[in-house]
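Okay, structure first, notes after.
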Amino acid sequence: MDLLSSKTRADLGWDLLLSQLAARCHSDRGAQLCRDLSPLPSAEEAHARQAEVSEARALQDRGEPLPFGGVRDLREALGRAAKGGALLPPELVDVARTLMAGARLRRHVSSRAEHCQRLLSHAGGIAELVDVSGPIEDAF
């Protein structure tokens, strides 16, 4: 449920804000998620999100931006694989590169844990599946 009326959205320039945010994303999926954003339901959640953004911004300001490059949208390929379908070589390469990008992001945040505890709580859930990505990369 959208918490903003259409008049409030227009007054705030919400759609323009989301469009500009989406333009800064590193992936099509990220851009779509940005365009679909709604306001957070509480001030506490907004403050928590703002603190996460501040950590990411501080890393950027120190010349250590979060490395999001290499992430691909795997939803279609993984959906087909879940139904028993085979992945084409380019899709397998996308899987490997996305896994490697996730591992790179996790290592980046983990090595800077003293500066980004909030981001670390998210990055800690990223599995480094080198036993999956390595053989795919070797094969292609």
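The values are calculated or read from the model by the stated rules, or taken from the named source; none is laboratory data. None of these values were measured; they are calculated from a predicted model. Cβ: placed from backbone, ideal geometry, glycine included. Neighbour counts: every protein chain shown. These area figures cover heavy atoms from the full protein model, side chains too; ligands, DNA and RNA do not enter into them. Shrake-Rupley method; radii C 1.70, N 1.55, O 1.52, S 1.80 Å.
Exposure check, 1.4 Å probe, all protein chains in place: Arg57 carries approximately 140 Å² of accessible surface. Since only Leu17, Pro41, Ser27 are under comparison, the one whose Cα sits farthest along the positive direction of the charge dipole of the stretch 5-75, derived from C-beta charges on Lys, Arg, Asp and Glu, is Ser27.
Accessible surface ranking for Arg35, Arg29, 1.4 angstrom probe, highest first: Arg35, Arg29. A simple charge model with +1 on the Cβ of Lys and Arg, -1 on the Cβ of Asp and Glu and nothing else charged puts the dipole of the stretch 64-140 at about 240 debye relative to its Cα centre. With the Cα gyration tensor of the stretch 2-83 giving a ≥ b ≥ c as the square roots of its eigenvalues, does the rule (a/c under 1.5 for rounded; else a/b larger than b/c for prolate; else oblate) give rounded, prolate or oblate? Judged from the Cα gyration tensor, the stretch 2-83 comes out oblate (a/c at least 1.5, b/c at or above a/b).
With q set to 0.09, 0.12, 0.17, 0.20 Å⁻¹, the log10 of I(q)/I(0) for the chain, from the Debye formula over equal scatterers at the Cα positions, is -0.37, -0.65, -1.10, -1.27. Across the stretch 15-23, rounded Karplus estimates of 3J(HN,Hα) from the backbone phi angles (6.51 cos²θ - 1.76 cosθ + 1.60, θ = phi - 60°) give 5, 5, 4, 5, 5, 5, 5, 4, 5 Hz, Gly and Pro being marked x.
By accessible area, using a 1.4 Å probe on protein heavy atoms only, the stretch 30-125 has 56% of its surface on carbon and sulfur. The string of couplings for the stretch 93-106 from the Karplus curve (6.51, -1.76, 1.60, θ = phi - 60°) is 4, 4, 4, 4, 5, 5, 4, 5, 5, x, 5, 4, 4, 4 Hz, one whole number per residue in order, with x for Gly and Pro.
Rounded to whole Å and sorted largest first, what semi-axes of the equivalent ellipsoid does the C-alpha gyration tensor of the stretch 44-110 yield via the square root of 5 times each eigenvalue?
32, 16, 8
For Cys25, no residue 5 or more places off, or on another chain, has a built amide H under 5 Å of its own.
Per residue, the solvent-accessible area of the stretch 27-72 (1.4 Å probe, heavy atoms of protein chains only, all protein chains present) comes to 66 Å².
About its Cα centre, the dipole of the chain is roughly 100 debye, where the only charges are +1 on Lys and Arg Cβ and -1 on Asp and Glu Cβ.
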